[in-house]
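The values are calculated or read from the model by the stated rules, or taken from the named source; none is laboratory data. Nothing here was measured: the structure is a model prediction, and the numbers come from that model. Here the Cβ is made from the backbone with ideal geometry for all residues, glycine too, and neighbour counts use every protein chain on show. Note: areas computed on protein heavy atoms with side chains; ligands, DNA, RNA excluded. Shrake-Rupley method; radii C 1.70, N 1.55, O 1.52, S 1.80 Å.
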Amino acid sequence: MTLSSPKPRPLIAGNWKMNGLAQALDQARAVAAGLDEKPAGARVAICPPATLLDRLSQALEGSAVLTGGQDCHVKTSGAHTGDIAAPMLVDAGAALVILGHSERRDDHGETSALVAAKVETALTAGLEPIICVGESLQQREAGSALAVVTGQVRESLPAVLAGQAFAVAYEPIWAIGTGRVATLPDIEEMHAAIRAELVVLFGDHGATVPILYGGSVKPDNAAEILRTAEVGGALVGGASLKASDFLAIIAAA
Ligand code: PEP
């Protein structure tokens, strides 16, 4: 992306997490069909579990829906049982990869330094990373949310991202899968702080990197969230599993 690049289209990415068997492909096909009928202003991606990625990419080929992974290993191959390498995601049709999701940070002890290393691996493989940051409820209640999140941005985003296509997703941990949503002023404040960090890190490029909001985005709250200053899209968990809900969120962007 060059310095004169216009503001990118919003990105609406669905994170299916550890959900979805073969029949879930029908939901993705329905999303593609819906966008065929009524093209979206936003870029759209679905990040299914690794077992479905290849089939999903094939099912969505030629559609407006991109596919992505939910994680990748820092190495590109080797003795890492159960892990998945960035070139494998590309081989299975992925264009993007979610990195540093709070569930990876919590369940697998992923640090921001590890996330930054994975980002480098993903970029080398040709993937567009969606890098997740977000504070816990305890950190928010202690008044340290801004410091925690801006620290995660500094530590999780390596310098090689300069000029590359990527997105940051702000996901307050206490809002993920809980039905609780950050208030619009809180979202605006955090996104402004992330934007300021991005500009410090990447100059003019940092001013256009999409900052997604994630955390209980649903059809009935998507429009107001997506209208909030510096919100450049959404990372959607639960509501991305049902085509009609996901399409309604996409239409709000
Ligand atoms: C997520 O997992 O990234 C997420 C935001 O989940 P949910 O939309 O279900 O809160």
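The table that follows gives values for the structure above.
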| quantity | calculated |
| --- | --- |
| Where a residue in the stretch 226-237 is basic (Lys, Arg) and its partner, wherever it lies, is modelled with pLDDT of 95 or more and open to solvent by 10 Å² or more (accessible area, probe 1.4 Å), with Cβ under 9 Å and at least six apart | Arg227/Leu184; Arg227/Ala252 |
| Options Leu157, Leu201: the member that is away from the ligand (no atom under 16 Å from the Cβ), buried (at least 21 other Cβ atoms within 10 Å of the Cβ) and aliphatic (A, V, I, L, M) | Leu157 |
| Test: His101 is out of contact with any strand residue (DSSP E or B) (no Cβ under 6 Å at 6 or more places or on another chain) and modelled with pLDDT of 95 or more | no |
| Odd one out for Ala223, checked against (1) in contact with a helix residue (DSSP H, G or I) (Cβ under 7 Å, 6 or more places away or on another chain); (2) outside any helix (DSSP H, G or I); (3) more than 12 Å from the ligand (Cβ to nearest atom); (4) open to solvent by 20 Å² or more (accessible area, probe 1.4 Å) | (2) |
| Total residues in the stretch 234-253, condition open to solvent by less than 20 Å² (accessible area, probe 1.4 Å), small (Gly, Ala, Ser) and away from the ligand (no atom under 12 Å from the Cβ) | 1 |
| Set Gly177, Gly203: member being of a type outside the set (Val, Ile, Thr), in contact (Cβ under 8 Å) with a residue 12 or more places away in the chain and closer than 25 Å to Gly238 by Cβ | Gly177 |
| Within the stretch 73-93, considering residues that are more than 17 Å from the chain's Cα centre (by Cα) and open to solvent by less than 20 Å² (accessible area, probe 1.4 Å), the one nearest to Ile12 (Cα to Cα) | Ala92 |
| Leading residue by the ranking (nearest to the chain's Cα centre (by Cα)) among those in the stretch 118-153 that are more than 18 Å from Ala95 (Cβ to Cβ) and among the β-branched types (Val, Ile, Thr) | Val133 |
| Unique residue being among the small types (Gly, Ala, Ser) and open to solvent by 50 Å² or more (accessible area, probe 1.4 Å) when the list is Gly179, Gly163, Gly134, Gly206 | Gly179 |
| Contacts under 7 angstrom Cβ, first residue in the stretch 94-111 being farther than 24 Å from Ile12 by Cβ, partner in a helix (DSSP H, G or I) and of a type outside the set (Asp, Glu), 6 or more apart | Glu110/Arg104 |
